[in-house]
Amino acid sequence: MIRFNKILVPTDFSKGAEGAYAAAQKIANVFGGKIDFIHVVPTIKYLNESIKKLGGPLDMNEDIYPKIVEESEHQLDKLMDQYLKEENRGEHKVIIDRKPSETISKYASKHDYDLIVMGAKGKHESSMMRGSTTEKVIRKSKVPVFSIEGRLDENKIKNIVMPTDSSSLSFTAFPMAVALADTFKADLTLLHVMELYGSSAAIVAPKPNKGELVAIYEAIIERINNFLSDQGIDSIHIQKSGVVYEDEVTITENDSSRSIALHTKVVKGVSAHYEIESYASESADLLIMATHGHSGFAHLILGSTAEKVAQYVNKPVITVRPDKKLFESQKN
């Protein structure tokens, strides 16, 4: 099963970043592990050049940035003391760099973090979307990203929704979705959107005496089980119940097993990302999805659509980037 042994929390010290602190601790309450904080001080290129041209007595690298770093480290200490338990408190890091989103993504990957937890909005808040830094981290990060607006109430997570375009790439998020549903004692819902101007032929061949949506549902369940088998994940299996759209995920550990309720929603809509946003806003307590996917030769639901959903939906979102090897295997 999924474990979060190392969690990274980026912060710009804004009000919008606060939700991530408590959320990271609540995840650590369940999974254990250490929580590290990171703050990126963006370089001010034009100010640097202006000071040099003026020949002023101040030097950004020697006089300004060291003081900013010192103050930032002090703030990180205070935040970690305030929000984290001693047994989960890790280290903090202040980095001076031009692009905060790239710095965060690369740092998380280089140091083998299991999860990035960050506020949906930072200093440049918008009432409509996730902040630009968060959105860019979601797009670039090889490490799963949990972006949250406001406070996380783990007791209210009753339905975890995972969009899928039926590709193996989209199924990358499934093991983590199962682990979180198991942890929060929540149901898991698979959501597939069939765009009105698309075709189901790329997903499943027509079957006599079966409706199109039912055939797609059955294909998705079969493909997920095949994916789990291909990836060597034998502790998770979808058990068909005989009731259309209503099944169970069986988790086997050692000699014991337990199950999670699995629902599948197959809907038609003009726009995939609109349908996902609409369903998530009404029915999801947490949304988890792969950041890239495809159906046949078409860039259908995941990829740019996932980024749009993650940017606009007003719910906690976890994005998972498929492994590079899986990308390559899908090309062949």
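Derivation of every value follows stated rules applied to the coordinates shown; laboratory data play no part. Not measured: the values here are computed from a predicted model. Neighbour counts run over all protein chains shown; Cβ positions are idealised from the backbone, glycine included.
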Could you pull out the pairs from K93/K185; K110/K185; K15/K136; K106/K268 whose alpha carbons sit more than 27 Å apart here?
K93/K185; K110/K185; K106/K268
What is the spin-label model distance, in nm, from Q239 to R258 if the labels are put 7 Å beyond Cα along the C-beta direction?
1.4 nm
K265's amide H: which non-local residues (gap 5+, or another chain) put their own amide H closer than 5 Å, with H modeled 1.01 Å from N in plane and none for Pro or chain starts?
L190, L191, H192
